[in-house]
Amino acid sequence: IRWMHPDHGLVPPDEFIHLAEQSGLIIELTQWVLRQSASQAARWNKQGLHLNISVNLSPTSLLDAEFPDFMSGLLANHGLSGEVLTLEITESTLARDPDLALKVLNRLHNLGLDISIDDFGTGYSSLAYIKNIPATELKIDRAFVEFMLEDESDMAIVKSTIDLAHNLRMKVVAEGVENIDVAKKLCELDCDILQGYYFSRPLPLDEFENWLNNFS
């Protein structure tokens, strides 16, 4: 989500998401993003485009026992199955109340929604938590991907993370892919999905659909 401000121009999420969390507006903002995503997924389905949309969740959402009911109603209202949406969480999301967060995650997983662990390796990773999360996807942070060809430690972390995720039966997404050499190496390492500016920068809907139609 990006804010096109009338005076300040394009404001990136890093500059306003924390304010939404502090003010309590993050719940409304998250629900708005999810409604927009579900609505767009339904339109694409009617066009024969079966695309998955990933949405970042605030820690607040996983401490809301009613959030799974909201998601269930959202999917039903648009006639969607859970597989059209992936909910991305960070490792720190579980820190406040791990037991409640895991209960909420399991209910979301039971709706058929995919759960993705975002920015893996940048927080205080706990394999005890990760093995219990009903996650289907693990994302390697760009901090390790960007210079993996020059830095042996980054390369080792990327390799190990891909092996770990696959052994836990998760797909792996590499963030921050910005050139063809990194993309090729990740493919050699059996990374499942690549994400980054090498493919495209963030685009408005109409430009994205045009990019998709011309993608090779």
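The values are calculated or read from the model by the stated rules, or taken from the named source; none is laboratory data. Small disclaimer: the values here were computed from a predicted structure and weren't measured. Cβ coordinates were reconstructed from backbone atoms using ideal geometry, including for glycine residues, and neighbour counts include every protein chain displayed. We work out accessible area using only protein heavy atoms, side chains counted, and drop any ligands, DNA or RNA first. Shrake-Rupley method; radii C 1.70, N 1.55, O 1.52, S 1.80 Å.
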TODO: May I ask you to list, by number, the DSSP H helices of the chain whose Cα span along the axis is at least 27 Å and whose average Kyte-Doolittle hydropathy reaches -1.0 or more?
DONE: 26-46
Task: Within the chain, percent of DSSP bridges classed antiparallel, to nearest 5 - done: 15 percent
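Stokes-Einstein diffusion coefficient for the range 158-216 at 4 °C in a medium of 1.567 mPa s, Rh from the Kirkwood formula over Cα pairs: what value in µm²/s?
Calculated translational D: 102 µm²/s.
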Task: Helix-only CD estimate at 222 nm, as mean residue ellipticity for the chain, using -39500 (n - 2.57) per DSSP H run (n ≥ 4) - done: -14000 deg cm²/dmol
Task: Percent of Cα-Cα distances greater than 21 Å, calculated over the range 111-216 - done: 40 percent
- [ ] Send over a whole-number figure in Å² for the accessible area per residue of the chain, probe 1.4 Å.
- [x] 57 Å²
Open item on the list: Nothing charged except the Cβ atoms of Lys and Arg (+1) and of Asp and Glu (-1): what's the magnitude of the dipole of the chain about its Cα centre? Round to the nearest 20 debye.
Closed with: 740 debye
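Roll a 1.4 angstrom probe over the protein heavy atoms and tell me the percent of accessible area of the chain that is carbon or sulfur.
50 percent
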Task: Distance between the range 1-74 and the range 112-173 - C-alpha centres, whole angstrom - done: 23 Å
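Taking all pairs of different Cα atoms in the range 20-70, averaging 1/r and flipping that mean, what Kirkwood radius in angstroms comes out?
One over the average 1/r among Cα pairs gives 12.1 Å for the range 20-70.
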TODO: Using every Cα-Cα pair within the range 30-146, state what percent have a distance larger than 17 Å.
DONE: 54 percent
Task: For the chain, alpha-carbon Rg over 2.2 N^0.38 Å - done: 1.04
Open item on the list: Given all pairs of different Cα atoms, what value in angstroms does the Kirkwood hydrodynamic radius of the range 1-43 take?
Closed with: 11.5 Å
Task: Long-range lysine pairs (8 or more apart or interchain), the chain, Cα under 28 Å - done: 17
